[in-house]
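S.K.: My structure is below; once you've seen it, I'll send some questions.
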Amino acid sequence: MPVLLTKLSNKYGCDKSDKKHKYTIRYHNYFEKDRHKKFNLLELGFGRGNSVKMWMEYFTKANLVSVDIREKLPDDKLIQKHVKSGRFEFVSADQIDMSKVLKIFDTYKDFYIIIDDASHVAEDQQYTFYQLFHSVTPGGYYIIEDLKCKRSHSKKFQIQADKTLEVLKRYTNGNSFNSKILTLKQNMYLDGFIESIKIYDKIAFIKKKG
């Protein structure tokens, strides 16, 4: 029998389910114990809002913030209902536009879970990880999805990064984070706060030290 999160993913047509990426079983294994706890969740990437619907039903007390380059939310009754509930907030921003993204922290102190399901571009993923990992609750998780997505390099960075999957695998082999688009000091900062990185095919769960 599929776990509840997989059922909800299929119910709302979310691609994290067993019919597409098969992420829901991983999320279930990590967070089923937290279903009814109060915490903050940040997801980069809104898409059609299917994952928002899934998370809002799965996590019964969590606050969810969604960041996406789209300008406004779709005219969807369930999404609007979640906005009115006070537990869901949408922020229109490119994931690397920290002048907008960091304003989230005027309201939210930290996040137990941050999920990067946005551009899938290596430079964006690694830059965003450095910028936001400080806001993960001690003992919380930063998750990067779609690590095998074949997107072109970003032209917004002067240096091309190695694929994020390669960077994470190197860490698991040597316990040292080394991204080409980050400075030595920035890489060392991440080293100091990463407790573990677990990679499951094309999704990675990065746990912050407690």
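The values are calculated or read from the model by the stated rules, or taken from the named source; none is laboratory data. It should be emphasised that the depicted structure is a prediction, and the values quoted were computed from it without experimental measurement. Here the Cβ is made from the backbone with ideal geometry for all residues, glycine too, and neighbour counts use every protein chain on show.
S.K.: Would you check if Phe90 is under 30 Å from Lys38 (Cβ atoms), surrounded by 13 or more Cβ atoms within 10 Å (Cβ to Cβ) and at pLDDT 95 or above?
M.R.: yes
S.K.: Search the stretch 74-84 for residues being in a helix (DSSP H, G or I) and either aromatic (Phe, Trp, Tyr) or in contact (Cβ under 8 Å) with a residue 24 or more places away in the chain (or both), and hand back the single one that is surrounded by the fewest Cβ atoms within 10 Å (Cβ to Cβ).
M.R.: It comes out as Leu78.
Yes or no, residue by residue, for (1) of a type in the set (A, V, I, L, M, F, W, C); (2) surrounded by 16 or more Cβ atoms within 10 Å (Cβ to Cβ); (3) over 23 Å from Tyr27 (Cβ atoms):
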residue	(1), (2), (3)
Tyr112	no, yes, no
Ile144	yes, yes, no
Cys149	yes, no, no
Phe157	yes, yes, yes
Lys207	no, yes, no
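S.K.: List the pairs whose first member sits in the stretch 1-18 and is on the phi > 0 side of the Ramachandran plot, whose second member is of a type outside the set (Phe, Trp, Tyr) and modelled with pLDDT of 95 or more, and whose Cβ atoms are under 7 Å apart, counting only residues at least 6 apart or on separate chains?
M.R.: Pairs found: Gly13/Asn50.
S.K.: Free of Cβ contacts under 8 Å to residues at least 60 places away in the same chain, at positive phi and not hydrophobic (A, V, I, L, M, F, W, C): does that describe Gly192?
M.R.: Considered against the rule, which asks whether it is free of Cβ contacts under 8 Å to residues at least 60 places away in the same chain, at positive phi and not hydrophobic (A, V, I, L, M, F, W, C), Gly192 comes out as no.
S.K.: Kindly provide the set of residues from the stretch 1-39 that are assigned to a loop (DSSP other than H, G, I, E, B) and either within 19 Å of Lys148 (Cβ to Cβ) or aromatic (Phe, Trp, Tyr) (or both), ordered by number.
M.R.: Those that are assigned to a loop (DSSP other than H, G, I, E, B) and either within 19 Å of Lys148 (Cβ to Cβ) or aromatic (Phe, Trp, Tyr) (or both): Tyr12, Cys14, Asp15, Lys16, Ser17, Asp18, Lys19, Lys20, His21, Lys22, Tyr23, Phe39.
S.K.: When you scan the stretch 156-163, do you find a residue that is under 18 Å from the mean Cα position of the chain (by Cα) and in a helix (DSSP H, G or I), even just one?
M.R.: No: the stretch 156-163 contains no residue that is under 18 Å from the mean Cα position of the chain (by Cα) and in a helix (DSSP H, G or I).
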